[in-house]
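Accompanying notes for the structure given below.
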Amino acid sequence: MHKEPSKVHTISIFTTALDQLRSSVLKMSSLAQLNLKNSIKGLLERDDDWCNNSIADDEEIDLLEMQIDHEGIEVMSRFQPVASDLREVISSIKIGANIERVADQAVNIARRARKLNEHPQLPELHLLDRPIRLALTMFDDAVRSFAERNATLAVELKSRDKELDQLNRELTDVLINRMQDDSANLPSYLNLIFISRCLERIGDHACNIAEDIVFAVSAQDIRHPSKQQ
Amino acid sequence: MTTEASQHPLELTNDFAPGESNFIKVDNFKFFYGKKEALHGINLEIPSRKVTAFIGPSGCGKSTLLRNFNRMNELIPGVHHEGDITIHGTSIYDPSVEIIALRRRIGMVFQKSNPFPMSIFENIVYPLRIAGQNTRSVLEETVERCLRSAALWDEVKDRLHDSALGLSGGQMQRLCIARAVASRPEILLMDEPCSALDPIATAKVEELIIELKKDFTIVIVTHNMQQASRVSELTAFFYLGNLVEFDNTRKIFTNPSMKQTEEYITGRFG
Ligand SMILES: Nc1ncnc2c1ncn2[C@@H]1O[C@H](COP(=O)(O)OP(=O)(O)OP(=O)(O)O)[C@@H](O)[C@H]1O
Ligand SMILES: [Mg+2]
């Protein structure tokens with residue numbers, strides 16, 4: 001697909017600075033993966049401790065996002081990257097912003113889970129199983145595409161996003177119906193609807209990350225295909 | 001600065017397809033210094049009224065090709081060429097082409113500014129005087145026009161009759177550009193015109209280049225990648241006497257097609 005430049009830069013500190021930026025993105029992604037898993041654990045096991053962990057650790061992710069911006073700007077001002085290097089820096093900064101928003105969704109899920117945990121468990125909780133699995137694997141695969149510079153895996157993510165959107169719509173309809181029959185549990189149904197919406201957003205961010213990876217690796221813009229000639 | 005081009009820098013990023021309204025056509029051109037083949041069959045079409053940048057590592061043949069456009073390389077003993085170079089469809093080697101006339105159509109600016117040891121005024125009118133033009137009003141009009149187009153008028157208008165050698169390096173370089181445009185050439189060749197200049201003088205020359213392309217076809221050799229991306233619409237990358245890639249400057253600097261180009265512009269060479 002792409003001719004990855006094989007050699008390192010003649011100025012070795014340029015290579016070092018790009019490697020540093022890349023490892024910051026990788027570090028941020030694995031933290032976000034962990035937070036997301038903690039939130040889900042807190043939700044499914046009805047354990048506030050996991051939720052609290054995820055909320056507390058979000059601060060470090062925010063700091064890492066700023067660090068990535070800083071490192072990206074530093075590389076641009078010191079080395080004026082072009083071609084694949086330029087694309088790598090730009091997409092790293094954009095990916096950092098999307099990971100931060102995935103982590104925010106993990107916090108949202110954790111907060112809603114704590115509210116759900118205050119009440120008896122609704123049988124409908126299991127309806128979230130599929131969207132949870134889909135959102136988690138989509139984000140994991142986005143991170144893996146970045147780590148492996150795998151544009152093929154990234155492109156493939158986009159189709160799974162449609163499935164997640166559809167699941168969210170169906171689930172919302174079911175829960176709204178249930179809400180009407182069982183108004184005593186209305187707040188909990190609303191929380192489930194909200195969590196489903198968070199999962200759907202995570203899928204969107206995974207797709208954004210995938211688009212940035214495709215751009216970095218192959219210089220193709222796969223966003224909004226209908227708007228491009 | 002007051003030029004229109006400077007207010008519309010985005011103009012530079014317009015897509016431009018190579019080959020469109022081509023002007024200088026290089027056709028399977030080989031060049032030899034004695035037995036040494038310095039250019040190995042170059043094919044290239046340079047469009048009119050655009051800035052084309054030549055980039056590539058030292059010794060790849062950028063200056064050699066540039067200096068063939070006005071047949072300056074023929075002054076070196078033992079050289080010969082194969083293939084052809086045409087301008088507006090006419091071969092520059094056609095027996096009907098007069099070398100003096102050819103050089104008048106093609107101005108050249110060198111790395112080291114080379115003002116003549118005479119006044120600023122006389123430097124600019126030199127090509128006109130050579131051509132027999134001595135009418136005072138014509139000379140004065142030319143001096144003002146050329147100095148203005150080289151963005152130098154305001155700085156030197158009160159000392160036109162002082163020696164050109166008293167100018168700063170950046171001013172001398174712009175004076176040489178003014179002199180190069182005095183004979184109203186169609187093509188302006190520049191070989192590393194900013195390599196001895198500070199950033200401010202460089203910026204002034206670059207702005208001048210962008211302004212001049214309205215009237216001239218400009219080919220610039222530069223080792224400064226940022227300069228190539230700032231001033232040119234098209235970029236040709238040469239390596240070891242071959243043209244490796246020729247494309248839109250924006251394409252070259254965001255997503256070049258050839259691995260060698262990518263390695264060179266990202267600083268992964270050698
Ligand atoms: N007068 C000459 N006699 C013999 N060989 C020459 C002469 N001028 C240039 N060459 C050779 O031709 C090749 C191309 O040289 P040229 O000056 O065109 O390179 P260039 O790309 O302009 O390099 P630079 O970036 O260093 O100016 C080189 O191998 C050089 O040694
Ligand atoms: Mg040269």
Those trypsin sites (Lys or Arg not before Pro) in the stretch B:99-150 that DSSP places in a loop and that have at most 10 other beta carbons within 10 Å: none
Residues with beta-carbon under 9 Å from that of B:ARG174, excluding B:ARG174: net charge, scoring Lys, Arg +1 and Asp, Glu -1? 0
Three principal axis extents, largest first, for the C-alpha atoms of the stretch B:5-265, in Å? 52, 43, 30
With Cβ to Cβ distances under 13 Å as the rule, what net charge do the other residues near B:ASN134 carry (K, R +1; D, E -1)? 0
In square angstrom, rounded to the nearest 10, how much accessible surface does B:THR90 have for a 1.4 Å probe? 70 Å²
Env charge @ A:ASN38, Cβ radius under 12 Å, K,R +1 / D,E -1, value -4
Using a cut-off of under 13 Å, list every residue of the stretch A:170-193 whose amide N is near the label point 7 Å from the Cα of A:ARG130 along the Cα-to-beta-carbon line. A:170-174
With the dipole of the stretch A:11-228 defined by +1 on each Lys or Arg Cβ and -1 on each Asp or Glu Cβ, the option from A:GLN33, A:GLY203, A:LEU64 whose Cα lies farthest towards the positive pole is A:GLY203
Under a Cβ-only charge scheme (Lys and Arg +1, Asp and Glu -1), can you give me the dipole magnitude of chain A about the Cα centre, in debye to the nearest 20? 520 debye
Rg/Rh over Cα atoms for the protein assembly as shown, Kirkwood Rh, comes to 1.17
Report, in debye and to the nearest 20, how large the dipole of the stretch A:20-122 comes out about its Cα centre when Lys and Arg carry +1 and Asp and Glu carry -1 on their Cβ. 380 debye
Rounded, prolate or oblate: pick one for chain A, where a ≥ b ≥ c are the square roots of the eigenvalues of its C-alpha gyration tensor, a/c under 1.5 means rounded, and failing that, prolate if a/b is larger than b/c, else oblate. prolate
Ordered by number, the GluC sites (Glu not before Pro) in the stretch B:92-168 that occupy a DSSP loop and have at most 15 other Cβ atoms within 10 Å are B:GLU98
Over 19 Å between Cα atoms: which of B:LYS112/B:LYS214; A:LYS41/A:LYS162; A:LYS27/A:LYS162; B:LYS36/B:LYS112; B:LYS112/B:LYS204 fall into that group? B:LYS112/B:LYS214; A:LYS41/A:LYS162; A:LYS27/A:LYS162; B:LYS36/B:LYS112
Can you tell which of B:SER91, B:SER48, B:SER113 shows the greatest fluctuation in a Gaussian network model of chain B with Cα springs below 10 Å? B:SER91
Percent relative contact order of chain A, based on C-alpha pairs within less than 8 angstrom and at least six residues apart? 26 percent
Taking chain A as a Gaussian network, Cα atoms linked when under 10 Å apart, which of A:ARG197, A:ARG133, A:ARG114 shows the biggest mean-square fluctuation? A:ARG133
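The values are calculated or read from the model by the stated rules, or taken from the named source; none is laboratory data. All values derive from a computational prediction rather than experimental measurement. Virtual Cβ from ideal backbone geometry, glycine too; neighbours counted across all protein chains shown. Calculation scope for accessible area: heavy atoms of the full protein, side chains included, ligands and nucleic acids excluded. Shrake-Rupley method; radii C 1.70, N 1.55, O 1.52, S 1.80 Å.
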